[in-house]
Amino acid sequence: NGGLPPPLSTGTHSSPIKRGVWLARKIVDSPPPKPPPNVPELDEEDPAAAKMTIKQQLEKHRDEAACRDCHMKIDPWGLPFEHYDTTGRLKAKNPLISADTTFPDGSEIDGLDELKNYLLTEKQDLVNRSFIKYLSSYAIGRSLSFADDDEIQVLMVQAKAKDYKLQAIVEAIV
């Protein structure tokens, strides 16, 4: 796709799955495993699904054992964005839109503001690790590998000692 970011919607509606995968991979450095082959899509033509929120549709999808483990790691990251349309604009009020979710650690949030707070308080180390990894990769001009893990850990310790200040992270990387 010429280096463009992946689409985080289907073009007709938002996709908490695509958004969740992106956030897990890029923001909290916790990429989910690749989906198994022949994973069924949510059935958009199902009349019963039309009466359900996307959250309810995903809960039904997670009832399948093959889908459960991955979706427990993906869906909570994407559902808080459900108040935003395919272009990122705030959607009109709609009772079929639900942006609340529960993370595997039991934390419950509702919407993007609570997700931001959760990331800043509960997942601060993961967010900063992801940032340090991407900035390090950019700084050295190559992708990181497992051989870089020790150096990333050293950078994390240095950055955390200075409360993850941007200047401290940049200095540590340099």
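The values are calculated or read from the model by the stated rules, or taken from the named source; none is laboratory data. Please read these numbers as outputs of a predicted model, since none were measured by experiment. Every residue, glycine among them, receives a Cβ derived from its backbone with ideal geometry; neighbour counts consider all protein chains shown. Ligands, DNA and RNA are excluded from the accessible area calculation, which covers all protein heavy atoms including side chains. Shrake-Rupley method; radii C 1.70, N 1.55, O 1.52, S 1.80 Å.
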In the stretch 137-174, what residues are free of Cβ contacts under 8 Å to residues at least 12 places away in the same chain, outside any helix (DSSP H, G or I) and within 18 Å of residue 124 (Cβ to Cβ)? 162, 163, 165
Would you confirm whether any residue within the stretch 72-91 is of a type outside the set (Lys, Arg), open to solvent by 20 Å² or more (accessible area, probe 1.4 Å), within 15 Å of residue 17 (Cα to Cα) and at pLDDT below 75? no
Pull out all pairs, ordered by first then second residue, where Cβ-Cβ is under 6 Å, the residues are six or more apart or on different chains, the first lies in the stretch 40-56 and is part of a helix (DSSP H, G or I) and of a type in the set (Gly, Ala, Ser), and the second is surrounded by 11 or more Cβ atoms within 10 Å (Cβ to Cβ) and at pLDDT below 70. 49/43
Might you check whether a residue that is hydrophobic (A, V, I, L, M, F, W, C), farther than 15 Å from residue 27 by Cα and either surrounded by 11 or more Cβ atoms within 10 Å (Cβ to Cβ) or in contact (Cβ under 8 Å) with a residue 40 or more places away in the chain (or both) occurs anywhere in the stretch 100-115? yes
Applying the selection to the stretch 116-144, what residues are surrounded by 11 or more Cβ atoms within 10 Å (Cβ to Cβ) and aliphatic (A, V, I, L, M)? 119, 126, 127, 132, 135, 139, 140, 144
Determine whether the stretch 118-136 contains at least one residue that is more than 19 Å from the chain's Cα centre (by Cα) and among the small types (Gly, Ala, Ser). yes
Any idea which residue in the stretch 15-55 is surrounded by the most Cβ atoms within 10 Å (Cβ to Cβ), counting only those that are among the polar types (S, T, N, Q) and at pLDDT 75 or above? 15
Looking only at the stretch 161-174, which residues are crowded, with 16+ Cβ neighbours inside 10 Å and not hydroxyl-bearing (Ser, Thr, Tyr)? 168, 169, 172, 173
